[in-house]
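Heads up, the thing below is written out as structure tokens.
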Amino acid sequence: MTETTFTPRVFSGIKPSGGLTLGNYLGAIKRFVGMQGAMETIYCVVDLHAITVWQDPAELRNMTREVAAGYLASGLDPDKSILFNQSAVPAHAELGWIFNCVARVGWMNRMTQFKDKAGSNAEKVSLGLYAYPSLMAADILLYHATHVPVGDDQKQHVELTRDIAAKFNHDFKRDFFPLTEPVIEGPAMRIMNLRDGTKKMSKSGESDMERINMTDDADKIAKKFKKAKTDPEPLPETLEGLKDRPEARNLVEIYAALNDQTSEAVITEYAGAGWGKFKPTLADLAVEKLSPISAEMARLMDDPAEIDAILAKGAEKARAVAEPILKDTYEIVGLLRPAG
Ligand code: AQP
């Protein structure tokens, strides 16, 4: 097999399964915006992933626009990046089916996110939730993406994407799909739940108090940080002192990521500070960074037609990249297509 060189290209996405959280912002959106200009960037609202669990149809449409508004308000520029919603490019689902036939059941059985989400209810969840990582591989490989910025929770799915690409290339004796690299770097790769530092902050978590939403106002943000679970100790002198203090470490990492600092720098500045000092300072910083974004999101959400037009234009550009790759995939697999 000859080594193929792939054009550096970024793909990533967010599910419109609820309102965006600070975890989505710091672990994903802020970094997506930072990668614009350095490489070709393609960002998606992955609505087909959202329906792997029940979504109210009107709310799904609304959340799809809200995630798009979150991207745009955070600085994603539709002239620099391709921005669209997944279901508007049918090739995602088509390649997803082919990958269902490449991926092995044993690989899927190892996916920890499925185990976490299905819990003891695995017999009753949708088949789509089980096959989710195979559709995610299609999202990425449909664009021959070489880099995928994600939070730590998605690392295993990107590794599975590499396994699918490698098996496809091996089975069909072509170097057709790249072995995509996950990009997981910085202090905010796993923002934790504010009420339980051992659980990830999620859109769909049970209580609103466990997460900061990108649309929360200043009062809500202050209240949520004030009530965030911590321990009685002040901040330590060194990072090592945060070991076995998951809630304290989480608040330090949130501060660091919001302020574009390392966690070490935050600890150096606040060594010995109590929560009565650190929490309000963190809340002020979060309000300073998030309030211009939430104001712009509200403005955009007042004009859904503008969001829809941006997504439609993005989908057209995405189809232009995806369709030739899907066509070649069909050809390689041996699927007969009408001429023309
Ligand atoms: N807590 C987090 N810390 C860091 N990064 C995070 N991401 C999500 N939560 C955190 C990153 O955001 C991107 C989009 O994720 P997603 O919405 O497609 O899926 P998810 O990871 O399942 O997000 P949620 O909020 O937990 O959604 P629900 O509750 O609906 O399942 C990814 O890059 C992810 O790493």
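Every number here is computed from the coordinates shown, using simple stated rules; none is lab data. Here the structure is a predicted model, which means the values were calculated and not measured. All Cβ positions, glycine included, derive from the backbone under ideal geometry; neighbour counts span all protein chains shown.
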What does the convex hull of the alpha-carbon atoms of segment 265-340 project to on average, in nm²? 11.0
By average C-beta atoms within 10 angstrom, highest first, the peptides 23-30, 115-122, 83-90: 23-30, 83-90, 115-122
Counting only DSSP loop positions in segment 221-268, the trypsin sites (Lys or Arg not before Pro) whose Cβ has at most 13 other Cβ atoms within 10 Å are K243
Nearby lysines by direct alpha-carbon distance to K226 (threshold 16 angstrom, same-chain neighbours under 8 apart not counted): K277, K279
Need the full-extension length gain, A273 to D171, defined as separation in residues times 0.36 nm minus the C-alpha distance. One decimal, nm. 30.9 nm
Any idea which of P234, G34, A137 is furthest toward the positive side of the dipole for the chain, if Lys and Arg beta-carbons carry +1 and Asp and Glu beta-carbons -1? A137
Taking 14-20, 64-70 and ranking on average Cβ neighbours within 10 Å, highest first, one gets 64-70, 14-20
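Just need the Rg to Rh number for segment 1-103, please, alpha carbons only, Kirkwood Rh.
On the way: Rg = 15.0 Å, Rh = 14.9 Å.
Ratio of gyration radius to Kirkwood radius for segment 1-103: 1.01.
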Could you tell me which residue out of S87, T198, P187 lies farthest along the dipole of segment 74-231 toward its positive end? Charges go on the beta carbon: Lys and Arg +1, Asp and Glu -1, centred on the Cα centre. T198
The farthest towards the positive end of the charge dipole of the chain, of the residues G75, P324, Y255, given +1 on Cβ of Lys and Arg and -1 on Cβ of Asp and Glu, is P324
Using every alpha carbon pair in segment 168-285, what percent of pairs falls into each 5 Å bin from 0 up to the bin containing the largest distance? 2, 11, 19, 21, 17, 9, 5, 4, 5, 4, 3, 1, 0
Estimated FRET transfer efficiency when R0 is 41 angstrom, pair M108-L285 (beta carbons, to 0.05): 0.50
Of all DSSP beta bridges in the chain, antiparallel share, percent nearest 5: 15
Taking the Cα centre of segment 31-141 as origin and charging only Cβ (+1 Lys, Arg; -1 Asp, Glu), how large is the dipole, in debye to the nearest 20? 380
Over all Cα pairs of the chain, the Kirkwood radius sets Rh, and Rg/Rh then becomes 0.99
Estimated dipole of the chain in Debye, rounded to 20 [Cβ of Lys and Arg +1, of Asp and Glu -1, Cα centre]: 640
10 Å binning of all Cα-Cα separations within segment 73-142, expressed as whole percents from 0 upward: 18, 39, 28, 14, 1
Given points 7 Å out from each Cα along the Cα-Cβ axis, report the Y330 to K317 separation in nanometres with one decimal. 2.6
Run the helix sum for the chain: -39,500 (n - 2.57) per DSSP H stretch of 4+ residues, divided by residue count, reported at 222 nm to the nearest 500 deg cm²/dmol. -16000 deg cm²/dmol
